[in-house]
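Each remark here refers to the structure printed beneath this line.
The values are calculated or read from the model by the stated rules, or taken from the named source; none is laboratory data. The structure presented is a predicted model; accordingly, all values stated were derived computationally and were not measured. Virtual Cβ from ideal backbone geometry, glycine too; neighbours counted across all protein chains shown.
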Amino acid sequence: MKSQKVVATAPGHVEEVRRLVFDPLTQTQQRTLRTIGHRVNQAIDPTGTCPD
């Protein structure tokens, strides 16, 4: 069960991550970052069983 604090802060957190991480990147850089993220996830959990 998610705590109320986590639920309450999630929208602001998402906005801040977008502003600081994604907004400064070009679309090409964002796609590259997505590819890197997929590779890291596969290395951590090659079976893909890790919950969202």
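If the condition is being exposed (fewer than 10 other Cβ atoms within 10 Å of the Cβ) and part of a helix (DSSP H, G or I), then segment 9-33 contributes Pro11, Gly12, Leu20, Gln27, Thr28.
Give me the pairs: first residue in segment 32-52 and more than 17 Å from Val21 (Cα to Cα) and at pLDDT below 95, second residue assigned to a helix (DSSP H, G or I) and not β-branched (Val, Ile, Thr), beta-carbon distance under 9 Å, and six or more apart or on different chains, which are they? Correct list of pairs: Gly48/Asn41; Gly48/Gln42; Cys50/Asn41. Taking segment 34-52 as the range and being more than 14 Å from the chain's Cα centre (by Cα) and not in a loop (DSSP other than H, G, I, E, B) as the test, the residues that pass are Gln42, Ala43, Ile44.
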